Amino acid sequence: MLKIKKGDTVTVRAGKDKGKNGKVLTVEPDKNRVIVEKINIIKKHVKPNPQKGIKGGKLEKEGAIPLAKVMYFCQNCGQGVRVGFKLSEKGDKVRVCKKCGTTLD
């Protein structure tokens with residue numbers, strides 16, 4: 001079970017976008033990377049392809065960020081926090097904020 005999931009709000013800890021918050025679009029667990037909305041914008045040069053209906057030019061999109069460079073953003077604490085796991089009353093494994101103790105799911 002991963003500590004960061006698709007749809008979570010995270011804060012960036014390092015790099016050119018340090019301190020910014022964004023929503024996780026995709027998680028790549030095999031590469032330990034995440035793609036965050038409007039963070040780490042890169043320019044990709046695309047050739048035109050009339051068969052697929054693609055216009056050529058410069059395309060701006062989000063690049064992948066290492067998982068270690070982001071932290072879960074807790075709404076109660078108002079900052080990036082570490083994530084832990086606990087067993088719920090039903091016996092399910094749930095994610096928990098290490099700072100305030102609230103469940104994150």
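So the values come out like this:
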{"quantity": "Extension reserve of the Thr103-Thr9 stretch, reckoned as 0.36 nm per residue once the Cα distance is removed", "calculated": "32.4 nm"}
{"quantity": "10 Å-binned pair-distance histogram of the range 1-86 (Cα, whole percent)", "calculated": "17, 42, 24, 13, 4, 0"}
{"quantity": "Span from the the range 1-26 Cα centroid across to the the range 72-102 one, whole angstrom", "calculated": "16"}
{"quantity": "Cα→Cβ-extended label distance, 7 Å offset, between Ile54 and Lys93, nm", "calculated": "3.8"}
{"quantity": "Loop trypsin sites (Lys or Arg not before Pro), the range 1-89 (other Cβ atoms within 10 Å of the site Cβ: 11 or fewer; DSSP)", "calculated": "Lys16, Lys18, Lys31, Lys52, Lys55"}
{"quantity": "Footprinting exposure proxy for Glu28, Glu62 (fewest neighbouring C-beta atoms within 10 Å first)", "calculated": "Glu28, Glu62"}
{"quantity": "Residues Asp30, Asp105, sorted so that the one with the fewest Cβ neighbours within 10 Å comes first", "calculated": "Asp30, Asp105"}
{"quantity": "Total charge dipole magnitude, the chain, about the Cα centre, Cβ charges on Lys, Arg, Asp, Glu only, Debye to nearest 20", "calculated": "400"}
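Coordinate-derived values only; no laboratory data. The structure displayed is predicted, hence computed values, not measured ones. Note: ideal-geometry Cβ built from the backbone for every residue, glycine included; neighbour counts use all protein chains shown.
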